[in-house]
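These notes concern the structure reproduced below.
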Amino acid sequence: MSPRSAAANEELRRRSRERLLRATVELVEERGFEATTLADIADRAGTARGLVSYYFPGKRQLLQSAVHRLMHLELASCLEREPRTEDGRALLARAIDAVLGLAWERPRLMRTHMAGILTAEGFIQCPEQQRLASLLRDTVARYGSADPENDYRLLRAQLMGAVMAVLVPGAPMPAGLLRAELFQRYGLAWELGFPPGAQPPPPGV
């Protein structure tokens, strides 16, 4: 049997890494972060335990990469959803809805992710985060920003703040109200994107 090519080996590594990322999301949603071990993740992914440490320095870094991958895939799906559009305002509305949607649809996972960002390890730069950043930066540029890099950073901060507000235990902010605030900030019509209702919620609701 001839040895695999470099391209074939790279594809195998990519698939193994993605299986680990998918398994991490599944297990943290099912069991929580503390109850999920790296061995559990390797077993769910069908890979050797040593591969986890080969790709990721620790469980927190693995979780951040896994959630950033999920966010990137969800954002890409929302931006490309039918009916397709090239309108920058509509695309920005879809981007906001994609990120807020994960907060209210997958609160346990996103709460764990945000808690991890606030730990000593902080915000992890990884390929998945870079793909997410590239999509958001491109969306801001298509919206018409004259300074996409800085405006992307501002949007990221606003989205992180909104996600945190949705997820605060015991005192969550209504997601619809946060959406309305962000849409107003960017001059977006409520009906753009994927609105949760026909009209925005009245102030104070």
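What follows is calculated from the coordinates using simple rules that are stated; it is not laboratory data. The shown structure was predicted, so the numbers you read here are calculated from the model rather than taken from an experiment. All Cβ positions, glycine included, derive from the backbone under ideal geometry; neighbour counts span all protein chains shown.
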Study note, to complete from the structure: Under a Gaussian network model of the chain whose springs join Cα atoms within less than 10 Å, the largest fluctuation of Glu29, Glu82, Glu74 belongs to Glu82
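I need the peptides 146-158, 53-65, 93-105 ranked by packing, meaning the mean over residues of other C-beta atoms within 10 angstrom, with the highest value on top.
On the way: 146-158: 14.8, 53-65: 18.2, 93-105: 21.7.
Packing proxy ranking, top to bottom: 93-105, 53-65, 146-158.
Is the shape of the range 58-110 best called rounded, prolate or oblate, per the rule: a/c under 1.5 gives rounded, else a/b larger than b/c gives prolate, else oblate, with a ≥ b ≥ c the square roots of the Cα gyration tensor eigenvalues?
On the way: a/c = 3.12, a/b = 2.18, b/c = 1.44.
Note, shape of the range 58-110 comes out prolate.
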Review point. Mind listing the phi-derived Karplus ³J(HN,Hα) values for the range 91-108, rounded to whole Hz, using 6.51, -1.76 and 1.60 with θ = phi - 60°, and x for any glycine or proline?
Key: 5, 5, 4, 5, 5, 4, 5, 4, 6, 4, x, 5, 5, 8, 8, 9, x, 5
Exercise for review: Calculate the length of the line joining the C-alpha centroid of the range 88-120 to that of the range 160-190, in whole Å.
Suggested key: 11
Practice item. For Rg/Rh (Cα atoms, Kirkwood Rh), several values are listed as (i) 0.95; (ii) 0.98; (iii) 1.01; flag the one computed from this structure. Key: (iii)
Point to revise | Rg/Rg_globular for the range 1-55, with Rg_globular taken as 2.2 N^0.38 Å and Rg from C-alpha atoms | key: 1.30
